[in-house]
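Single-structure report; data block below.
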Amino acid sequence: MDREIARQLVDKYVKKDITRRHLISVEGVMRALASHFGEDVDRWGYAGLFHDLDMDETEGDMERHTRETVAWLRAEGYDDEQVLNAILGHLHKDHQTDLMSRAIVHADGVSGLLVACALVRPDKANGMKVSSVKKKLKEKSFAPGVERDKIRGVEGSIGIPMDDFIATSIGGLQEVAPDIGLA
Ligand SMILES: [Fe+2]
């Protein structure tokens with residue numbers, strides 16, 4: 001798959017701009033994590049970019065969420081089984097079977113926090129520091145929807161220390177920031 005075509009699929013299936021921006025932010029973080037682990041940057045990026053593709057359609061129906069996305073992607077002719085598994089894995093534990101499908105859980109969590117941090121900074125994602133992100137992580141009233149366990153549990157789950165994880169993720173967000181109004 002081509003990255004342009006992947007983005008077009010997002011435009012085709014996603015209704016809300018906030019969902020589009022969330023998907024692209026997780027794409028950026030997943031690409032940076034892939035690079036950190038020496039994995040396939042594009043394929044990890046697609047897992048991030050597509051993981052909530054059906055969110056606006058399934059709206060909290062957890063039975064359909066992710067499964068609808070996989071059905072749509074298959075119908076589009078996309079059959080990268082590892083990526084499809086990772087999409088299921090961000091919600092379903094029984095699909096958290098490899099590094100990509102475990103990493104996406106943490107990428108999902110941290111991207112929410114990073115985007116919230118960027119939105120309250122004059123320079124948005126530019127110049128964002130690990131220390132200030134960690135401060136916001138401790139502040140429970142800041143972006144309360146962020147599942148902080150997903151960020152704190154990263155080292156035990158995929159073996160990257162939290163500071164490295166946050167630094168890598170900031171780099172990933174910065175790469176896609178111009179696409180989501182955060183540059
Ligand atoms: Fe998500």
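The values are calculated or read from the model by the stated rules, or taken from the named source; none is laboratory data. For clarity, every value in this text was computed on a predicted model and none was experimentally measured. Counting neighbours? That spans all protein chains shown, and the Cβs are built from the backbone with ideal geometry, glycine included. Side chains are part of the model used for accessible areas, which takes the heavy atoms of the whole protein and leaves out ligands, DNA and RNA. Shrake-Rupley method; radii C 1.70, N 1.55, O 1.52, S 1.80 Å.
General observations
- For Ile151, the shell of other residues with beta-carbons less than 12 Å away shows a net charge of +1, using +1 for Lys and Arg and -1 for Asp and Glu.
- For Thr58, neighbours were defined as the other residues whose beta-carbon sits under 15 Å from its Cβ, and their charges (Lys and Arg +1, Asp and Glu -1) total -4.
- Helix 41-50 axis, angle to the chain major axis (alpha carbon atoms, nearest 10°): 80 degrees
- Label zone at Asp98 (point 7 Å along Cα-to-Cβ), backbone N below 17 Å, region 42-83: 42-51, 78-83
- Note on the chain: with charges restricted to the Cβ of Lys and Arg (+1) and Asp and Glu (-1), its dipole about the Cα centre is near 980 debye.
- Its Cα centre serving as origin, region 78-183 has a Cβ charge dipole (Lys and Arg +1, Asp and Glu -1) of approximately 820 debye.
- Extreme residue, positive dipole direction of the chain, given options Leu99, Gly156, Leu73 (C-beta unit charges): Gly156
- For Lys136, the lysines whose Cα falls under 27 Å of its own Cα, not counting residues fewer than eight places away in the same chain, are Lys16, Lys124, Lys150.
- Solvent-accessible heavy-atom area per residue, rounded to whole Å², over the chain at 1.4 Å: 46 Å²
- Ligands, DNA and RNA left out, the accessible area of region 1-113 computed with a 1.4 Å probe is 46% carbon and sulfur.
- When you work out D = kT/(6 pi eta Rh) for region 31-83 at 37 °C and 0.692 mPa s, using the Kirkwood radius from C-alpha pairs as Rh and the Stokes-Einstein form, the result is 277 µm²/s.
- Cα pair distances exceeding 28 angstrom across the chain, given as percent: 17 percent
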